[in-house]
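Read through the structure below, which is laid out as structure tokens, and then see the notes.
The values are calculated or read from the model by the stated rules, or taken from the named source; none is laboratory data. Computed from a predicted structure; not experimentally measured. With ideal geometry, Cβ positions are generated from the backbone for all residues, glycine too; neighbour counts draw on all protein chains shown.
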Amino acid sequence: MGSQAGRTFLVTGANSGLGFETARALARSGAEVVLACRNQKKGDEALTRIRAESSEAKVSLLPLDLADLRSVREAATRFASEHELLDGLVNNAGLMALPFSKTEDGFEMQIGTNHLGHFALTGLLLPSLEKAKAPRVVTVTSLYHKRGKVDLADLFFEKRRYDKWVAYAQSKLANLLFAFELQRRASKKKLALLSLGAHPGYSATELQGKGPKAEGSSFLEGVMKIANAVMAQSQERGALPQLRALTDPAAQGGELYGPSGFQEVWGDAVRVQAVAAAHDEAAARGLWERSIELTKVDFGGL
């Protein structure tokens, strides 16, 4: 990755895991990086770690709870008041396979956080992105998008039995439907904005243990820790696809980046293929319109 000096990036969920590694790599390359975090204590710890590596690192903390649209609006407003523009947004934060719960706005937690929170944040930050010369939005999905189906008639599992993995897969497919639809709309309006997707394969982060912990299952939590130690690649390598999508001069809008190895589980960051469902334009338009209805964020009519 070349020098990113003079550029400003915002990374959601930057206090740990892939988000932290992304923020740290960008800061090392000279960029100004805003760490958008729900947990302020962990956010402060992340800032301290990055600054310990370089006293000249340009990093700051932005409070953001993607499960609360009021917090999303406040974060976008604060960012715009403190920064002239935004060169790159990394929609990285996410939840995986949690027991059923709801966001502050009454959405099922996984689709509400993973998709709707990021949808609203991106739309609210669009004016800041449009001020940049070559802005990019990278939305982080998962291999589980390949198992996903977005049910627009029952996004929140009010009619069907809740299944934590079905809900997770739905949210991860929604991430790509959004990323690709954003690119189509930006291209139609002849905006310089590039919208891309990225997935980390199987990387050892805190994400895998949050579901078992929320369920109170110390056994499953232990199993995930062992699996991470034995089977997963490091979170540093897991962050490479989103870093490449964000900074590679050759990357194009509408692309998806992931690991190069067997089944895209490990390996170098390369362009990979999303499932056909992620390119369903009718489904993407339907999700876009439903997301506007739910979040009241319309991207300025994009």
Picked from segment 15-28 (must be in contact (Cβ under 8 Å) with a residue 40 or more places away in the chain, more than 17 Å from Asn114 (Cβ to Cβ) and not aliphatic (A, V, I, L, M)), the residue surrounded by the fewest Cβ atoms within 10 Å (Cβ to Cβ) is Glu21
Among the listed residues Thr103, Thr113, identify the single one that is at pLDDT 95 or above and under 15 Å from Phe178 (Cα atoms). Thr113
Members of segment 123-156 found to be surrounded by 22 or more Cβ atoms within 10 Å (Cβ to Cβ) and among the hydroxyl-bearing types (Ser, Thr, Tyr), listed by number: Thr139, Thr141, Ser142
Can you confirm whether His118 is under 12 Å from Gln170 (Cβ atoms) and part of a helix (DSSP H, G or I)? no
May I ask you to list pairs of residues, at least six apart or on different chains, whose Cβ atoms are under 6 Å apart, with the first in segment 1-14 being under 22 Å from Leu95 (Cβ atoms) and the second being crowded, with 24+ Cβ neighbours inside 10 Å and of a type in the set (Val, Ile, Thr)? Leu10/Val34; Val11/Thr22; Val11/Val90
Check every one of the helices (runs of 4 or more DSSP H) wholly within segment 184-246 and list those with 2 or more residues that are surrounded by fewer than 21 Cβ atoms within 10 Å (Cβ to Cβ), modelled with pLDDT under 50 and not β-branched (Val, Ile, Thr). 207-215, 218-231
Quickly run through segment 273-291 and pick out the residues that are outside any loop (DSSP other than H, G, I, E, B) and free of Cβ contacts under 8 Å to residues at least 40 places away in the same chain. Ala276, Ala282, Glu289
Applying the selection to segment 50-91, what residues are over 14 Å from Thr12 (Cα atoms) and among the polar types (S, T, N, Q)? Ser54, Ser55, Thr77, Ser81
May I ask you to say which residue of Ala174, Ala179 is surrounded by 21 or more Cβ atoms within 10 Å (Cβ to Cβ), under 15 Å from the mean Cα position of the chain (by Cα) and within 12 Å of Glu255 (Cα to Cα)? Ala179
Looking only at segment 25-57, which residues are touching a helix residue (DSSP H, G or I) at 6+ places or on another chain (Cβ under 7 Å) and closer than 28 Å to Arg70 by Cα? Val33, Val34, Leu35, Ala36, Cys37, Ala46
